[in-house]
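Q: I have a structure here, written as structure tokens, and I will follow up with some questions on it.
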Amino acid sequence: MNENTQEVKVEVAGGYNPEVVNLKKGVPAKISFTRTNEQGCLDVVHSKKLGFEEELPINVTKTVDVPTDKAGEFDFSCGMDMFFGKVVIK
């Protein structure tokens with residue numbers, strides 16, 4: 001993370017690592033998701049509140065922009081809503 005942009009890498013393998021992503025309010029942010037195993041429902045990540053949905057092919061990194069204009073806790077999950085992660089904006 002630098003003063004102008006926040007960038008976080010999340011490994012997707014039987015869940016999300018890290019499971020909680022902490023971001024600073026008002027600083028542009030990106031989260032990069034890389035799926036490293038074949039578990040089916042983890043082939044999609046989405047968050048209604050943060051406004052993203054991405055397909056996650058194996059070993060391909062997909063990056064999403066995360067709005068940081070509002071503080072709070074925002075969930076993201078797999079396509080079947082079985083695995084969850086959280087974005088915390090302070």
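Coordinate-derived values only; no laboratory data. The structure displayed is predicted, hence computed values, not measured ones. Backbone-built Cβ (ideal geometry, glycine too); neighbour counts: all protein chains shown.
Q: Based only on other Cβ atoms within 10 Å, what is the fewest-to-most ordering of Cys78, Cys41?
A: Cys41, Cys78
Q: Place a +1 charge on the Cβ of each Lys and Arg in region 6-89 and a -1 charge on the Cβ of each Asp and Glu, then give the dipole magnitude about the Cα centre in debye, rounded to the nearest 20.
A: That gives a dipole near 360 debye.
Q: Order of 82-89, 55-62 by packing, highest average Cβ count within 10 Å first?
A: 82-89, 55-62
Q: For Val66, enumerate residues with amide H under 5 Å from its amide H, sequence gap 5+ or separate chain, H modeled in the peptide plane.
A: Ala29, Lys30, Ile31
Q: Given region 6-89, what count of lysine pairs have C-alpha atoms under 12 Å apart, with each pair 8 or more places apart or on different chains?
A: Final tally of qualifying lysine pairs is 7.
Q: While we're on this one: With the crude spin-label approximation of a point 7 Å out along Cα→Cβ, what separation in nm comes out for Val44 versus Thr61?
A: That separation, rounded to one decimal, is 2.5 nm.
Q: Work the Kirkwood hydrodynamic radius out for the chain: mean of 1/r over every pair of different alpha-carbon atoms, inverted, in Å.
A: The answer is 12.9 Å.
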